[in-house]
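Peer 1: Here you go, one structure.
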Amino acid sequence: MPSLVLSLAVHLTTYCLTTTALTRHLPPTSPPASNSHSNCTGWYEYDAKRHYQDILAEYSITLEQFHQWNPSITSTGKGLVLGHSYCVQGPSSTLNQSTVASSLPQASSAPRPVPIPQCTAFHSIQPGQHCWFLMQMYGTFTMQQFKSWNPDIDPTCSRLWPGDSVCVGVDGTPTPRLSNGPQPIQSGVTPNCTKFHRATWRENCLLLATRENLALSDFYKWNPAVRTPCANFFEGYHYCVSVS
């Protein structure tokens, strides 16, 4: 009997110390959180089983970094939304080489996406862009439509490379772009815009509107693809801040 109890105790102790390691995903496996860093090099899909402190410990990052890369998270770690992906590896951070090799597809073996012949509008992929990013940026198609227009893109959207041309519209789904304005911009920007601002990762809609001395409602009206509450505001894109 004593040996049985000891064996059971050892078993229970081993079980209690076992943890499940988190995985970095590239690209994200679910919609990125609002305003998360567009050039993120590692994502974590929140499943409500982890406290934010667990995420910080698992990925060896600080709360300040987590907040900087994911402005929707408060400075106290609140704001995680079930089913959304969060940046856990910033663009300037150093990844373990074995992690990079296992998370990135091999460029030499990945075929270039070939859009369907019926495509009427194309987008040239920029560094850091992924399927969810494009869907939110244009706001005129669903993920299912995007993948049907670009059948060579795999289910996890891991075969998008800078310079690739992908389909973002067919007949019936216009994707208007300003021809005389700076690039890149989002769809639907007011045609009488006279001044643009290039967004940085430290900014959000309210900060930009306040700095430019304009009403937040006007900013959303002139940049309709952004959507309230600043849901599709991306670093590196130009936003209208003045009209004629």
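Nothing in this text is a laboratory measurement; each read-out follows from the coordinates by a stated rule. Note that the structure is a prediction, hence the values are computed from the model and not measured. Using ideal geometry, Cβ is built from the backbone for each residue, glycine included, and neighbour counts are taken over all protein chains shown.
Peer 1: Rank these for me by crowding, Met143, Met135, going from fewest to most other beta carbons within 10 Å.
Peer 2: The most exposed by this proxy come first: Met143, Met135.
Peer 1: Taking loop as defined by DSSP and a crowding limit of 12 other beta carbons within 10 Å, which trypsin sites (Lys or Arg not before Pro) in the stretch 185-244 fit?
Peer 2: Details: sites: Lys195, Arg198, Arg202, Arg211, Lys221, Arg227; in loops: Arg202, Arg227.
Listed in order of number, the matching sites are Arg202.
Peer 1: Moving on. Normalised radius of gyration for the stretch 193-243, please: alpha carbon Rg relative to 2.2 N^0.38 Å, two decimal places.
Peer 2: 0.96
Peer 1: What percent does the relative contact order of the stretch 119-170 come to when contacts are Cα pairs within less than 8 Å and at least six residues apart?
Peer 2: Relative contact order comes out at 64 percent.
Peer 1: Let me ask something else. Please compute the Kirkwood hydrodynamic radius of the stretch 42-89 from all pairs of different C-alpha atoms, in Å with one decimal. Provide the component values of the computation, followed by the final result.
Peer 2: Working: mean 1/r = 0.0958 Å⁻¹.
Computed over Cα pairs of the stretch 42-89, the Kirkwood hydrodynamic radius comes out at 10.4 Å.
Peer 1: Semi-axes, largest first, in whole Å: what does sqrt of 5 times each Cα gyration tensor eigenvalue give for the stretch 119-170?
Peer 2: In descending order the semi-axes read 14, 12, 11 Å.
Peer 1: Straight-line reach from Lys195: which lysines have a Cα under 18 Å away, not including same-chain ones fewer than 8 places off?
Peer 2: The reachable lysines, counting only those whose Cα sits under 18 Å from Lys195, are Lys221.
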